[in-house]
1. Look at Arg443 and say whether it is open to solvent by 10 Å² or more (accessible area, probe 1.4 Å), basic (Lys, Arg), more than 20 Å from Leu475 (Cα to Cα) and modelled with pLDDT of 95 or more.
2. Of the residues Ile432, Ile454, Ile413, which single one is modelled with pLDDT of 95 or more, out of contact with any Leu (no Cβ under 7 Å at 6 or more places or on another chain) and open to solvent by less than 40 Å² (accessible area, probe 1.4 Å)?
3. Of the numbered conditions (1) under 27 Å from Thr200 (Cβ atoms); (2) open to solvent by 10 Å² or more (accessible area, probe 1.4 Å), Ile339 satisfies every one except a single condition; which is it?
4. Is at least one residue of the range 53-60 in a loop (DSSP other than H, G, I, E, B) and modelled with pLDDT of 95 or more?
5. Mind listing whichever residues of the range 109-153 are more than 18 Å from the chain's Cα centre (by Cα), among the aliphatic types (A, V, I, L, M) and under 23 Å from Leu50 (Cα atoms)?
6. Which number in (1) surrounded by fewer than 16 Cβ atoms within 10 Å (Cβ to Cβ); (2) within 17 Å of Gln298 (Cβ to Cβ); (3) in contact with a Leu (Cβ under 8 Å, 6 or more places away or on another chain) marks the one condition that Arg225 misses?
7. Checking the structure you have, find out if any residue of the range 197-215 is of a type in the set (D, E, K, R), in a loop (DSSP other than H, G, I, E, B), open to solvent by 50 Å² or more (accessible area, probe 1.4 Å) and modelled with pLDDT under 95.
8. Looking only at the range 483-493, decide whether some residue is open to solvent by 60 Å² or more (accessible area, probe 1.4 Å) and closer than 19 Å to Val373 by Cβ.
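The values are calculated or read from the model by the stated rules, or taken from the named source; none is laboratory data. None of the values given here were measured: they were computed from a predicted structure. With ideal geometry, Cβ positions are generated from the backbone for all residues, glycine too; neighbour counts draw on all protein chains shown. Ligands, DNA and RNA are excluded from the accessible area calculation, which covers all protein heavy atoms including side chains. Shrake-Rupley method; radii C 1.70, N 1.55, O 1.52, S 1.80 Å.
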Amino acid sequence: MSFADRVQNPALKTKIMSADEAAALIPAGANVGMSGFTGAGYPKAVPQALARRIESLHAAGEDFRIGLWTGASTAPELDGALAKVNGIEMRLPYQSDPTCRKQINAGQMQYTDMHLSNVAQFVWFGFLGKLDVAVVEVVGILPDGRLIPSSSVGNNKTWLDQADKIILEVNTLQNPGLEGMHDIYYGTRLPPHRKPIPLTGPGDRIGEPYLTCDMSKVIAVVHTRQPDRNSAFAAPDENSQRIASHIIEFLQQEVALGRLPAELLPLQSGVGNIANAVLAGLNDGPFKDLTAYTEVLQDGMLDMLRSGTLAMASATALSFSPGALADFNGNIDFYRQRIVLRPQEISNHPEVVRRLGVIAMNAMIEADLYGNVNSTHVMGSSIMNGIGGSGDFARNAYLSFFMTPSVAKDGAISCIVPMASHVDHTEHDVEIIVTEQGLADLRGLSPTQRARLIIGKCAHPDFRPALLDYFERSLKGASGQHTPHLLDEALSWHSRYLKTGEMLPVTAPQDKLHLV
């Protein structure tokens, strides 16, 4: 379909202009809500044009920065382009761009890291200030002005509703077959007028397939023909496969014990190579007729849909490798019957997650002896990406897994530490920790019981003796014995790494027995 065929509303045809003309309509200091979630469905042309404008203004001595709000991470054409010209004052709620990360950690860009389920309601509540402009990618515009959503939904409904002005990017490279895959729910209300969300199964459709907006707020319609950030995933390595095998074995045991049905419960999976390895293992495993209620649909779940292992999947975004994207586009009629894309306030809604009994599987940076998890910060102070939706799912899931290799930086860093240098998920929200070494089921255990299990099951053998030494000395020397810590050395591993490049001291304790 041509661009003219994608813009069918006569009034909005009169708003067609270039990306540079549209970018000129965004004022300095504006809060701008842009579409995009995990490298999918983000505007491509307008952010690059805005970056060019900012660069020119900065060269002329003018100050120009914006507040940038999205669904989650975007791509170099958006985050990267604006960060490189120092064009972002405040970023929220999640980012993964290396230039953004560098500026945030240097104190040059403000960053509000938020649970993704909170973003839309915080905007409606007025907690984040006024939303001046929305820039949203769509597949097309219908004659009556309704919008065909793109490869992600994210916060687009809220941006269109709340922004004073709207810029639409119509991406003719996005498959028109996406039409009908979305379920946009307009039934949310502000307290005290909220009603239960009428969703009882991952495949339920409770809304409509289109976005709507006040057409009088649309100030520009821009044509683009650029792909999403479709990055290839690395093949699962040995550690990822071992993590996957531990999880699959555990799920089989839960079925055998009668704590899970044979078809499990809806799956949620974070993005990345470990997550894809788990999904590949599930695809090859004994389970059938599975479902997913997640944020992002990636290669592993597409494989499961194709094989029939996964009956259907609900998400807010698509994040595929080039090969998976080609399969998706080539068989979109098949996938449209099995995929539902929702706003992230629904895909990540804590009450819905709890109601459905989701099995949550998310990555972490480190965990401490008692099960507190850091999923966002390196060495306590430097942000990596953000909490994303992991907290939405972890606290409310039927089962909550956190996964990581046991070591990082060629063995210099242990991902199991005495005390987490930053806590995103407290011990109260973490049920199961998994590394390639093994799986620690923490349900119903006291802190000291969890510590022995985590050391024995999840820590790398090179670090187990030092971890056990710290724990046993804490049992003798801590001021309290419920969650014993030696406060003068609880974070010494991180301090030592920053000074020497190694977590372990030169003379680390030798192996000890009786871990578990």
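1. So Arg443 passes the test.
2. Working: Ile432 fails: out of contact with any Leu (no Cβ under 7 Å at 6 or more places or on another chain); Ile454 fails: out of contact with any Leu (no Cβ under 7 Å at 6 or more places or on another chain).
None of the others qualify; the one that does is Ile413.
3. Here Ile339 clears every test but (2).
4. Applying the first criterion (in a loop (DSSP other than H, G, I, E, B)) to the range 53-60 yields 60.
So of that shortlist, the ones also modelled with pLDDT of 95 or more come out as 60.
Scanning the range 53-60, I find at least one residue that is in a loop (DSSP other than H, G, I, E, B) and modelled with pLDDT of 95 or more, so the answer is yes.
5. Met109, Leu128, Leu131, Val133, Ala134, Val135, Val136, Val138, Val139
6. For Arg225, the exception is condition (2).
7. Scanning the range 197-215, I find no residue that is of a type in the set (D, E, K, R), in a loop (DSSP other than H, G, I, E, B), open to solvent by 50 Å² or more (accessible area, probe 1.4 Å) and modelled with pLDDT under 95, so the answer is no.
8. yes
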